[in-house]
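Worksheet for the structure shown next.
The values are calculated or read from the model by the stated rules, or taken from the named source; none is laboratory data. Quantities reported herein were computed from a predicted structural model and do not represent experimental measurements. Cβ placement follows ideal geometry from the backbone for every residue including glycine, while neighbour counts extend to all protein chains displayed. Note: areas computed on protein heavy atoms with side chains; ligands, DNA, RNA excluded. Shrake-Rupley method; radii C 1.70, N 1.55, O 1.52, S 1.80 Å.
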Amino acid sequence: MLVFLLARRLFGPPAALIATALASSYWVLVYYEMELLEPTLLLGLGLLMIYAMSRLTDRASWVAALGAGAVAGAFALVRPNVLLFYPVALAWILWLSRRRANTRRAWTAVLGAFLGGIAITLAPATIRNYLVGHDFVLISANAGVNLLIGNNPSADGMFTDRNLAARFASCYDYPSLVAHLEKETGRPMKYSGASAHFAKEALRFALTRPHQFMGVTLRKAILFWCPVEMGHNKEEHFERLASPILRALPGNFAFVLGTCVLGIVMWISDGKRRHDQHPCDVSRERQKEAVVLILLFGGTYYLSFLPFFVAGQYRVPLIPFLQIFSAYAILGLVRDAANRRFRRACLQALAGLALYAGASINWTGYQPSLPKWHFDRGVAHGKEGHLDLAILDLKEAARIAPEDAEVHYNLGLALGLRGQLHDALAHFSRATRLKPDYAEAHFNTGVVMVRLGRIDDAIDALSRSVAFKPDFAEAQQQLGHLLGSRGRCSEAIPHLEATVALRPGSPSVTADLVQALLACQRAIKAVQLLRQSIRRYPQNPAWMNQLAWIEATHPSAEVRNAAEALSLAQRMCSLTQSNVPAFLDTLAAAYAEAGRFDDALRTSEKALQSAVDAGDTNLVHEIQERRHLYGIGRPFRSEPGSSADTASSANDSGP
């Protein structure tokens with residue numbers, strides 16, 4: 001609808017119908033209608049913004065300007081590159097005001113309304129950034145990192161984070177990226193500061209390697225108009241080939257671009273002919289103003305990507321505008337033929353064919369990545385739980401790109417989830433051979449080794465994982481747990497302490513560390529750790545149970561604390577409505593340590609019945625032994641290095 005309305009304003013109803021037909025049948029636009037990605041939003045916002053601004057060619061309407069400004073602000077929230085168009089849009093409005101000198105006061109209101117519409121839309125984002133991040137950021141702080149991605153020694157004009165990947169886990173996780181940058185620079189940094197830091201790195205590249213910088217920029221300038229769809233989030237080229245519907249739709253970008261250029265040339269040529277009838281019924285002056293607006297928007301939008309990187313999806317918002325000029329060209333050819341101006345029609349058709357041929361040349365040699373397409377599909381199938389489909393696509397990606405470590409890693413994940421452990425191990429091993437510092441692949445090698453019962457091999461793999469990535473919490477925890485299970489508690493403790501620092505709210509990590517500390521005869525340290533954890537998360541009954549058990553049953557009087565043990569045990573039983581047999585068992589032990597053996601017997605009877613109901617035969621046997629001690633007036637003493645039974649089975653969910 002917006003394509004029709006805008007094309008009708010510019011070139012009349014016939015051209016509007018042709019432009020609408022072109023837009024509604026162009027496969028790229030149809031494809032993005034089915035995708036929840038930014039081009040879908042930008043298509044509508046771009047058309048609505050230009051349509052609202054084109055209404056200013058009729059009269060100086062502050063309402064239309066306010067609406068256009070609001071839409072321009074919304075466009076910037078989705079794609080901040082459009083900020084470059086704002087001063088150009090203001091210049092265009094000033095140009096209109098000079099062409100209508102008798103209404104300058106009204107045009108001042110138009111300028112104010114346009115800026116006000118932008119401010120109204122952007123202000124909530126800016127205010128939110130300041131209140132939450134305590135940093136003045138207009139929209140987002142991604143400009144610097146995107147600038148560095150497009151301007152570094154390994155840049156190729158498209159999105160690639162190879163330069164950043166050597167330093168950071170991901171350029172998408174901005175909080176983690178800023179945290180790593182703080183460690184790298186040794187100083188605290190706000191998001192805007194991080195963006196400025198990356199921008200300086202990009203500028204340093206441009207100044208120190210001017211020839212490479214100019215070459216990459218030229219490549220981006222050409223790539224933007226590449227006849228092949230350039231992949232980014234997805235490989236659209238292969239998405240089309242895989243879809244019978246998209247394959248059946250006519251047209252390609254070379255046709256869109258070639259006919260657009262022909263339409264612009266024909267429009268300029270028609271304007272120079274004073275006596276020939278133009279192939280539309282719209283005022284030439286109003287038409288000229290609107291066409292200039294579209295060309296200014298398209299030009300600034302295109303230029304805004306050259307400092308960064310380009311992709312096929314970034315040019316999608318321009319396609320409807322290109323097709324409007326394509327419609328003008330098609331309409332002109334049809335009318336020339338209908339009016340028997342065959343010579344001119346033939347010349348224009350030949351020019352169109354030449355432009356189409358030129359636009360069809362892949363000057364940069366870019367080719368879409370088939371292995372990436374299979375890889376993306378495999379990962380998506382895996383997230384949906386369709387493991388068989390995931391494995392098929394990932395195997396095909398591995399066949400086409402056998403030297404891609406990430407493909408082998410993700411194939412190993414899918415095979416592991418499918419239970420094909422030996423095959424998974426083979427692909428994890430291949431990934432680590434291709435990329436020796438691939439910490440995640442080493443970690444999952446260790447996980448598979450555990451499932452195969454090869455604990456010592458698992459410890460070796462996990463040791464390599466944490467060596468390459470010390471802040472890998474899961475690997476640190478798993479390594480500490482395995483070392484502890486092997487009786488190597490002194491080796492386990494540093495890894496578990498590192499995990500607690502990385503994940504302070506994890507019950508299972510705390511449980512493993514407490515167990516290791518007790519095994520190393522460091523009960524006081526274990527008690528201190530549990531007290532700290534309970535102060536931080538006072539509603540966690542698992543930690544209360546561990547601490548109460550140690551303070552009620554430890555062999556050392558220096559460690560035992562009957563009063564605190566009893567208080568903790570009563571709190572945790574209250575939190576769980578006295579439904580957990582192990583907690584009742586701990587409460588009974590705390591009563592016995594306090595010398596209240598009658599209460600200990602009554603509570604242990606409840607614990608015994610609850611354990612019987614739960615079918616926990618081991619706990620039933622242990623409670624019966626402890627009840628014998630309580631009956632003769634003796635508290636229970638645990639073995640050195642032991643902890644509460646529930647500690648080892650605490651789940652890993654947060655408190």
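A few notes on this one:
- Accessible surface of region 383-520, 1.4 Å probe, proportion on carbon and sulfur as whole %: 51
- Positive-end extreme of charge dipole, region 381-513 - chosen from H481, S465, G412 (charges on Cβ): H481
- Cα gyration tensor, region 3-78 - rounded (a/c under 1.5), prolate or oblate: oblate
- Surface composition of region 74-134: carbon plus sulfur atoms contribute 68% of the solvent-accessible area (1.4 Å probe, protein chains only, all chains present).
- Per residue, region 1-153 exposes 44 Å² of solvent-accessible protein surface, assessed with a 1.4 angstrom probe and all protein chains in place.
- Percent carbon-and-sulfur accessible area, region 531-588, ignoring ligands, DNA and RNA, probe 1.4 Å: 48
- Accessible area per residue for region 478-587, computed on protein heavy atoms with a 1.4 Å probe, is 40 Å².
- Solvent-accessible heavy-atom area per residue, rounded to whole Å², over region 366-444 at 1.4 Å: 49
- The angle between the Cα long axis of helix 405-417 and the longest principal axis of the Cα atoms of the chain comes to about 50 degrees, rounded to the nearest 10.
- When nucleic acids and ligands are ignored and a 1.4 Å probe is applied, F238 ends up with an accessible area of around 30 Å².
- Its Cα gyration tensor gives region 571-617 an equivalent ellipsoid. The semi-axes, each the square root of 5 times an eigenvalue, are 18, 12, 7 Å from largest down.
- Divided by 2.2 N^0.38 Å, where N counts the residues, the Cα radius of gyration of region 38-187 comes to 1.32.
- Debye log10 I(q)/I(0) at q = 0.08 Å⁻¹ for the chain, Cα point scatterers: -0.80
- The chain, dipole about Cα centre (Lys/Arg Cβ +1, Asp/Glu Cβ -1), debye to the nearest 20: 3600
- Once the Cβ-Cβ distance of N579 and R535 is raised to the sixth power relative to R0 = 25 Å, the FRET efficiency obtained is 0.50.
- Pairs of lysines in the chain whose Cα atoms sit within less than 23 Å of one another amount to 16, provided the residues are eight or more positions apart or on different chains.
- Estimated from helices alone, the mean residue ellipticity of the chain at 222 nm is -23000 deg cm²/dmol (sum of -39500 (n - 2.57) over DSSP H runs with n ≥ 4, per residue).
- Residue-wise HN-Hα coupling along region 490-497, computed from phi with Karplus coefficients 6.51, -1.76, 1.60 (Hz; x: Gly, Pro): 5, 6, 6, 4, x, 5, 6, 5
- Positive-end residue of G12, S556, W543, charge dipole of the chain with Cβ unit charges: G12
- L207-D156 FRET efficiency (beta carbon distance; Förster radius 25 Å; 0.05 resolution): 0.80
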